Each structure stands twice: as structure tokens, then as C-alpha cells.
Amino acid sequence: MQKINLIITREESLKLDLGVNFIQTNCPLSVIEEIKNKAVSLDGLSGIIFTSMNGVKFFASTYDKKDYCHLEAYCVGEKTAQTAREYGFNQTIFPQQSNALSLCDLINNKKPKKLLYARAEVVSEDIKNLASATIISEHILYRAKAINHNIKDWENILKTNSAICFFSATNANLFEELISKN
């Protein structure tokens, strides 16, 4: 049986346990860069919403841990919650299914008073409106910037028995742009 080449498109090196039928190729489509925005007041907040580990990382680089460690971290999944704990959040909450819609359901059911959404410049789900049971303000902390790729490299990769794993809608859109340009 021919092995399937699983192409990982996220920036950070991610080693997956794929078993014997797969090989992994890391081929990031974007780099994550911080957007230096002024910190907003955390006064009166019940918690912070995180839909990625990058959101946690850039939030923690913007704020002092003593100002946020008591707040609840509403996280898209277990890995993001683990990152939030590593950066000093004492209480993390995440849905059983790791996706934005499940996170919105969790927020709507819990009904916290006021949350801050620490987010990317471009997001795939409108959490502010989907989690309508609470007041949500937003703080844009980072962006995904496209990496210039040689289309010939991708053509060679795609000639193999390959599957592509997109970890964000942004990377899927960047791939579509790359392929459609050529």
C-alpha cells in the first residue's frame, strides 16, 4: 500500500502520530504576526474568549498576568485551554467538541456578563454575534501573513498521493489563492 503524504499547512512545526499509512510534510502557508494594539481595560470582564493558541500567546504578551489570571478563559478546545493555563489563567472552560460553534453554545448556556474576544484580524466565525447571550468586545491581536510559495513546489507535492490539512479558514483561502493564480 502506498503511503499518503499528509501536508500540514500551519506555521508551527506540528508532529502528528499518523500511523504507518501516512508520512507528514510541513508546508506552512502563512506566518503569524502580532498586531501591536493598545491594551484595552479588563475591568468588569467575566472572561476572555480564545479561538487559538496564538490568541492566548499574544494576549499574554499585551497584558500583565496579575490583571487577567482571575478571569475565566473560554477556549475553543483543550489545547488552547492548556496554553491559557500555561500563560497564567486559573480557570479554563472549553466545549467537548473543539470548534467555534460549540464554544458559542457553551458561552450562550453559561451566560457570562461580559467577555473580551482576543482574536485574529480575520476569523472564520462571527463569535461576537453567535454568542449573543453575553456582551462581547473584541481585541484584534494578530494576523496571518501569506508566505510566498513557488507554485512548482506545490505542483510536485500534489503529484504525490497527498492530503492537505488546513487548520484555519485563512490557510484554506491562501491555498485557493495560490492555486488560482497559476
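The values are calculated or read from the model by the stated rules, or taken from the named source; none is laboratory data. Values in this document were obtained by computation on a predicted structure and should not be read as measured data. Ideal geometry is used to build each Cβ from the backbone, glycine not excepted, and the neighbour counts take in all protein chains shown. We work out accessible area using only protein heavy atoms, side chains counted, and drop any ligands, DNA or RNA first. Shrake-Rupley method; radii C 1.70, N 1.55, O 1.52, S 1.80 Å.
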Expected vector for region 68-76, Karplus 3J(HN,Hα) from phi with 6.51, -1.76, 1.60 and θ = phi - 60°, integer Hz, x for Gly and Pro, equals 10, 4, 7, 7, 6, 9, 8, 10, 5
Under the classification rounded if a/c is under 1.5, otherwise prolate if a/b is larger than b/c and oblate if not, where does region 31-89 fall, given a ≥ b ≥ c as square roots of the Cα gyration tensor eigenvalues? oblate
R0 of 41 Å, Cβ-Cβ distance Ser180-Glu34: FRET efficiency to nearest 0.05: 0.90
How much accessible area per residue does region 29-111 have, counting only protein heavy atoms and a probe of 1.4 Å, in square angstrom? 52
With both partners inside the chain, how many of the DSSP beta bridges are antiparallel, as a percent to the nearest 5? 15
Among the listed pairs Lys57/Lys114; Lys57/Lys113; Lys79/Lys159, which have their C-alpha atoms separated by more than 28 angstrom in this model? Lys79/Lys159
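Given that compact globular proteins tend to follow 2.2 N^0.38 Å, what is the ratio of the alpha-carbon Rg of region 130-182 to that value?
1.65
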Around Ser137, with a cut-off of 15 angstrom between Cβ atoms, what is the net charge of the other residues, counting Lys and Arg +1 and Asp and Glu -1? +2
At 7 Å along the Cα-to-beta-carbon direction for both Gln91 and Lys145, put a label point, then send me their distance in nm to one decimal. 3.8
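I'd like the carbon and sulfur percentage of the solvent accessible area for the chain, probe radius 1.4 Å, heavy atoms only, ligands and nucleic acids excluded.
48
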